[in-house]
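Everything on this sheet refers to the single structure shown next.
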Amino acid sequence: MPKPPTLRSGRRRGHPGPPGLPPLGRAGRWYGRPPSSTSLERGGLLSPLMQLRGLGGRGPAVPASEVPVTMCARRGRMQTDRVVRWVRSSWIDIAWVLFVGVNLVAMQVSPPWQTVPFLVIWVSLTALYGYRLWHLGSTIVTVTAVTLATGGLITWQVLTGEQDTEYLVEVPLLAVMFVVMVWHARRRQAAMNESRRVSDQNLRLLEQQRRFLQDASHEMGTPITVALGHTELIQRATADPAIAQDARVAIDELLRLRRLASRLLLLASADSPDFLRLGPVRLDDLVHDAVGRWGHRQRRWSLGSVTEATVRGDEDALVLALDALIENAIQHTPDDGAIELSVRREGANVVLAVADSGAGIPGAEVDRVFDRFARADSARSRTTGGFGLGLAIVKAVAVAHAGSVRVRSELGRGSTFELLVPERAAVGRERPPERNGGRGTRQPEPADRLAVADPMP
């Protein structure tokens, strides 16, 4: 017995098929309206035992005579599902309509007490609107319906002598109060939407900035390294003092550019959960080491109160932040000025402080000195200024350690920058044990992870 043909038997996409039937479209679906069972039988494509796959090409096998019934049943189930979803999403509105109906009945049954259910209706409408915040069209329809229902009932009671005429004033009064409330609520919602839009836009811009900084830092690294290597070869190979001096200048500028790229990469990765590699860090030892690294610079160096304090943090990141604070103090302190380093406890925090006797910071600039590329003195030259990233790195390191930064400054008296580090609040990856053991014997970190400010002679 030959196998009965099916819908896709011998038909390719775009093939016209038997006479009287529309061609099949993508994935074997009909163009236009699907053919009826009668037209399929006329085209010779149906039999009582064929595999008809229902809507979307899925479903159990059904006889051809039951196709209209099956489709009707499917449509009925879809409509039922839509009704069920609507009831689930609007149950509170349905309950409120029933509640209003009960109160309208109470107003009609007990005219002397109609004020209570009347006010309850309007109060419930206000509460429901604050919860749902309907669209403008739905709000107008609802307010109009409640106004007509309550106003019509009170008007009828006034006409029949059950209520005094003064009660008619209550309906428009409450309606106007509700409209004013709606106006304020919609203004507040519009302001919140605008604030949310601006916030989302700022987040997108920050993410784009972070990606740009990260990509630019990576892309700059290789050409800078190549140029630096060739320039050093020229400096060593030349016998001309002028060329050697020019090469030395080029090397210094390339080193500056490499530090800039490394710092940009550091700032771009500061929000990463793997930014910190945690371990016990003696902050008092960091301060003594910093004085040893920077003490050759022509300043009056001193140590203030240095308390023994151990925190759970990333030693390399904290060294970087401390060097950035010292570098900032050197840039703004004259050669005969003073720089003091100190460590003290303050509640649950340990405070690293760097104080200088420089010119100070204007009050209007204090709040933005930790921003990226911010400079308190816009007139600083390249010889005395940096990139404007040092204090931003300090803030990034502090935030990564769940700490904070602050500054106290007075014009003509100097500034004090403080890095607050909680003893146990840092979150990050634990630092693996060191092979050689002991502080000061660790292998140096890769240059692309931390860009420590090099003390320049």
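The values are calculated or read from the model by the stated rules, or taken from the named source; none is laboratory data. In this text the structure is predicted, and so the values were computed from the model without any measurement. So basically every Cβ, Gly included, is an ideal-geometry build from the backbone, and we count neighbours across all protein chains shown.
Given the criteria part of a helix (DSSP H, G or I) and at pLDDT 85 or above, does ARG211 qualify? Criteria not met by ARG211.
Among the residues of segment 83-118, just one is among the basic types (Lys, Arg) and modelled with pLDDT of 80 or more, namely ARG85. Picking from residues in segment 121-133 that are hydrophobic (A, V, I, L, M, F, W, C) and exposed (fewer than 15 other Cβ atoms within 10 Å of the Cβ), the one that is modelled with the highest pLDDT is VAL123. Across segment 135-163, the number of residues qualifying as under 18 Å from ARG188 (Cβ atoms) and buried (at least 17 other Cβ atoms within 10 Å of the Cβ) comes to 1. When restricted to residues that are more than 23 Å from the chain's Cα centre (by Cα) and either touching a residue at least 60 places away in the same chain (Cβ under 8 Å) or buried (at least 17 other Cβ atoms within 10 Å of the Cβ) (or both), segment 264-283 contains 6. When every residue of segment 215-236 is checked against the conditions, at least one turns out to be under 23 Å from the mean Cα position of the chain (by Cα) and surrounded by fewer than 16 Cβ atoms within 10 Å (Cβ to Cβ). When GLU308 is tested against (1) in contact with a Ser or Thr (Cβ under 8 Å, 6 or more places away or on another chain); (2) of a type in the set (Asp, Glu); (3) surrounded by fewer than 21 Cβ atoms within 10 Å (Cβ to Cβ), just one condition goes unmet, and that condition is (1). Checking each residue in segment 126-169 for being hydrophobic (A, V, I, L, M, F, W, C) and either without any contact (Cβ under 8 Å) to a residue 24 or more places away in the chain or not in a helix (DSSP H, G or I) (or both) picks out ALA127, LEU133, TRP134, ILE140, VAL141, ALA145, LEU148, TRP156, VAL158, LEU159, LEU168, VAL169. Taking THR441, is it modelled with pLDDT under 55 and either under 21 Å from GLU308 (Cβ atoms) or among the β-branched types (Val, Ile, Thr) (or both)? Taking the combined requirement at face value, the residue satisfies it.
Cβ separations smaller than 9 Å between residues 6+ apart or across chains give the following pairs from segment 320-332 residues that are part of a loop (DSSP other than H, G, I, E, B) to residues that are among the acidic types (Asp, Glu): HIS332/ASP356; HIS332/ASP377.
Among the residues of this structure, LEU303 counts as one that is touching a Leu at 6+ places or on another chain (Cβ under 9 Å), surrounded by fewer than 17 Cβ atoms within 10 Å (Cβ to Cβ) and touching a residue at least 12 places away in the same chain (Cβ under 8 Å).
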